[in-house]
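Down below is the structure, laid out as structure tokens.
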Amino acid sequence: MDSEESQQRQSVTDPDSPPVPCENCAAALRSPERSRYSFLLLDHLTTPIVGCEEHVAQFASTCGYTTDDAAKLVEHRPAGGIRCPSCQLAGYTPRQPIIPVADGAVAVHACPEHQSELLARFRTGLETQQRLTTTLDTSDRPDVL
Ligand SMILES: [Zn+2]
Ligand SMILES: [Zn+2]
């Protein structure tokens, strides 16, 4: 537990990172170097993601709504590696913005450009997901538009 103390001090000095309700995600985000990366394969993007298994999978499946191919999640560095050189470097940056996923959060270790691309896809995926669910549940018009 002593390693957790030093990590907590870090999060106190870090007011812009919101608390993550999912403890497994929070633990993974606190010490990404000790967590296992998952690699999200989405179209031309290969992106290391940190978070708990459940929320990383949820993030991947939501992003999958934005592609004709399924978003794939692998537990080891894929054979082709990370193709974008900036993303390769981004993997070593200690501070990464985190993306809330339901009651968890994941960190996307990509360059700013691909990070925002993934984030945009995640948002689009969420909308698609919601539209599909509401269509199944009720026949109400979406009043979000
Ligand atoms: Zn989680
Ligand atoms: Zn990149």
Report summary line: Residue count, the stretch 82-100, condition surrounded by 11 or more Cβ atoms within 10 Å (Cβ to Cβ) and at pLDDT 85 or above, comes to 9
Query raised in the report: From the residues in the stretch 29-48 that are touching a residue at least 60 places away in the same chain (Cβ under 8 Å) and over 12 Å from the mean Cα position of the chain (by Cα), which one is nearest to ligand 1 (Cβ to nearest atom)?
Result: 32
Query - Residue, surrounded by the most Cβ atoms within 10 Å (Cβ to Cβ), within the stretch 53-81, restricted to residues that are within 16 Å of ligand 2 (Cβ to nearest atom) and not small (Gly, Ala, Ser) - result: 63
Requested in this report: Scan 70, 79, 107 and give me the residue that is assigned to a strand (DSSP E or B) and modelled with pLDDT under 95.
Outcome: 107
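Identify the residue in the stretch 101-132 that is within 16 Å of ligand 1 (Cβ to nearest atom) and surrounded by fewer than 15 Cβ atoms within 10 Å (Cβ to Cβ) and, among all such residues, is nearest to residue 45 (Cα to Cα). It would help to see each step written out before you state the result.
Residues of the stretch 101-132 within 16 Å of ligand 1 (Cβ to nearest atom): 101-108, 122.
Next, from what is left, pick out any that are surrounded by fewer than 15 Cβ atoms within 10 Å (Cβ to Cβ): 102-103.
Values: 102: 23, 103: 25 Å.
My answer is 102.
The values are calculated or read from the model by the stated rules, or taken from the named source; none is laboratory data. All figures in this text were calculated on a predicted structure; none of them were measured in a lab. Heads up, the Cβs are rebuilt from the backbone with ideal geometry, glycines too, and the neighbour counts pull from every protein chain shown.
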